[in-house]
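Heads up: the structure comes next, in C-alpha cells.
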Amino acid sequence: MSRIKRALITGSTSGIGLAIAHQLAVAGTDVVLHGLESQEDGDKLAIAFHNQHGVEAIYVQADISHPDNIDAMMSQIKAQVGPITILVNNAGIQHTAPVEDFPPHKWDQILAVNLSAAFHTTRLTIPAMQAQGWGRIINISSVHGLVASVHKAAYCAAKHGLIGMTKVTALELAAKGITANCICPGWTDTPLLVEQFKAYAQDNNTSYEEAKQGLIKAKAPYPDFVSPADIGQLVLFLCSDAAKAITGTSMPIDGGWTAH
Ligand code: NAD
C-alpha cells in the first residue's frame, strides 16, 4: 500500500508552524494549514503553497481553545482531503506574570491551547494513522517543557505536560508504525516573543534590538536565535524512515540552553 503523506500543522500561519509547513511541502507532503486568520487570507496562503511547492494545500480556521471546534475541524479535514498521517501540534500562546498575579483565565487559555488541544487532535488522528499502519505525531514543546523560567507557570505546566502526554502516546503506539516525539526549541524570533522583547527593553532601559540580544545571552551559549527553518528540518527528519525507532523523546534545539 502506498503511504499517504498528509500533514496537519496547527498554528501554521506564522512563525515556527509556517516554517515547518514549508519544509514539509518542499519535501512533497500535502499540507493542511491552520490558524486564526480569516478563511480568505488562509485560502490565499494555501494557494501560494500549492503554487510554490506543487502540493495539495488547504487552510482550516479554528480556535482550538475549545474541544468542540477541534472536533469540527478534524471532521472537516477528513471530509475535505482525507486522513492525516503527520500531525504537528504547534499552536501555542504565552503570558508572563508571577504565580500570585497570574490571571486564572490566562492559565485556562494557555492550558487549553498549548496542552489540551494537542490531546484532542492526537486522539482524533490516531485511528486514521492506525488504519494506514504509519504515522508521525510531533509536538512542539519548548525548553520550558524541560526547565523553568520565572513568570511562566502556565506555559511551563503546559509544555511539561505535553512531554508527558507524548511519552504515553509513544508507548501506546510504538508497535503500530506510529511515533510520537516532542521538539523543544529555545529562543526563536517569532511574534510569540514580541511582548517579552518589549518587557525586557523596558525593564533594562535598552532598545528593542538590544533586548533580543539580552534575552539570548541570559539563557543560551549559542549567540543567536534558533532558525524556524531548522526546526522544520528536524520535523522532516522525524518523519523520515530513519527516525522510525525514535519515539517518546523530547529533543532540544535550544543553542545549549538546557545543557547548563
Ligand atoms: P507564533 O505566535 O508565530 O505562532 C503561534 C500560532 O498559534 C499562530 O499561528 C496562532 O494563530 C496559533 N494560535 C494561537 N492561539 C490559537 C488558538 N486559540 N487557536 C488556533 N490557533 C492558535 O509563535 P511561534 O513562536 O511560532 O510558536 C509556535 C510554537 O512554538 C508554540 O507552541 C510555542 O510555544 C513554541 N515555542 C516557541 C518558541 C519561541 O521562542 N518562539 C520557543 C519554544 C517553543
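The values are calculated or read from the model by the stated rules, or taken from the named source; none is laboratory data. Keep in mind the model is a prediction, meaning the values are calculated, not measured. Quick reminder, even Gly has a Cβ in these numbers, built from the backbone with ideal geometry, and neighbours come from all protein chains shown.
Looking at region 37-52 only, could you name the residues that are part of a loop (DSSP other than H, G, I, E, B) and among the charged types (D, E, K, R)?
Glu37 - this is the single residue of region 37-52 that is part of a loop (DSSP other than H, G, I, E, B) and among the charged types (D, E, K, R).
This table checks each residue for (1) closer than 21 Å to Trp257 by Cα; (2) modelled with pLDDT of 95 or more; (3) under 14 Å from the mean Cα position of the chain (by Cα).
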residue: Pro98; (1), (2), (3): no, yes, no
residue: Thr125; (1), (2), (3): no, yes, no
residue: Ser142; (1), (2), (3): yes, yes, yes
residue: Leu162; (1), (2), (3): yes, yes, yes
residue: Thr166; (1), (2), (3): no, yes, yes
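Can you tell me how many residues within region 217-257 are closer than 23 Å to Ala170 by Cβ, of a type in the set (Ser, Thr, Tyr) and surrounded by fewer than 17 Cβ atoms within 10 Å (Cβ to Cβ)?
1
Name the residues in region 1-25 that are under 18 Å from the mean Cα position of the chain (by Cα) and surrounded by fewer than 17 Cβ atoms within 10 Å (Cβ to Cβ), would you?
The answer is Ser14, and nothing else.
I need every pair where a residue in region 131-153 that is farther than 13 Å from Gln196 by Cβ has its Cβ under 6 Å from the Cβ of a residue that is within 10 Å of the ligand (Cβ to nearest atom) and of a type in the set (Asp, Glu), sequence separation at least 6 or different chains.
From residues that are farther than 13 Å from Gln196 by Cβ, the pairs are Val143/Asp254.
Of the residues in region 13-36, how many are near the ligand (Cβ under 7 Å from one of its atoms) and in a loop (DSSP other than H, G, I, E, B)?
3
Any residue at all in region 168-188 that's buried (at least 18 other Cβ atoms within 10 Å of the Cβ), assigned to a helix (DSSP H, G or I), in contact (Cβ under 8 Å) with a residue 12 or more places away in the chain and under 18 Å from the mean Cα position of the chain (by Cα)?
For region 168-188, residues buried (at least 18 other Cβ atoms within 10 Å of the Cβ), assigned to a helix (DSSP H, G or I), in contact (Cβ under 8 Å) with a residue 12 or more places away in the chain and under 18 Å from the mean Cα position of the chain (by Cα): present.
Testing His120 on (1) closer than 22 Å to Ile246 by Cα; (2) touching a residue at least 24 places away in the same chain (Cβ under 8 Å); (3) crowded, with 18+ Cβ neighbours inside 10 Å; (4) of a type outside the set (Ser, Thr, Tyr), one condition comes back false. Which one is that?
Just one mismatch for His120, condition (1).
Exactly one condition in (1) farther than 27 Å from Val32 by Cβ; (2) more than 16 Å from the ligand (Cβ to nearest atom) is false for Glu172; which is it?
Unmet condition: (1).
Looking only at region 74-98, filter to residues that are free of Cβ contacts under 8 Å to residues at least 40 places away in the same chain and in contact with a strand residue (DSSP E or B) (Cβ under 7 Å, 6 or more places away or on another chain); which one of those is nearest to the ligand (Cβ to nearest atom)?
Gln76
Just to verify a result, which residue in region 1-35, among those that are in contact with a Pro (Cβ under 8 Å, 6 or more places away or on another chain) and modelled with pLDDT of 95 or more, is farthest from Val113 (Cα to Cα)?
So, considering only residues that are in contact with a Pro (Cβ under 8 Å, 6 or more places away or on another chain) and modelled with pLDDT of 95 or more, the one farthest from Val113 (Cα to Cα) is Arg6.
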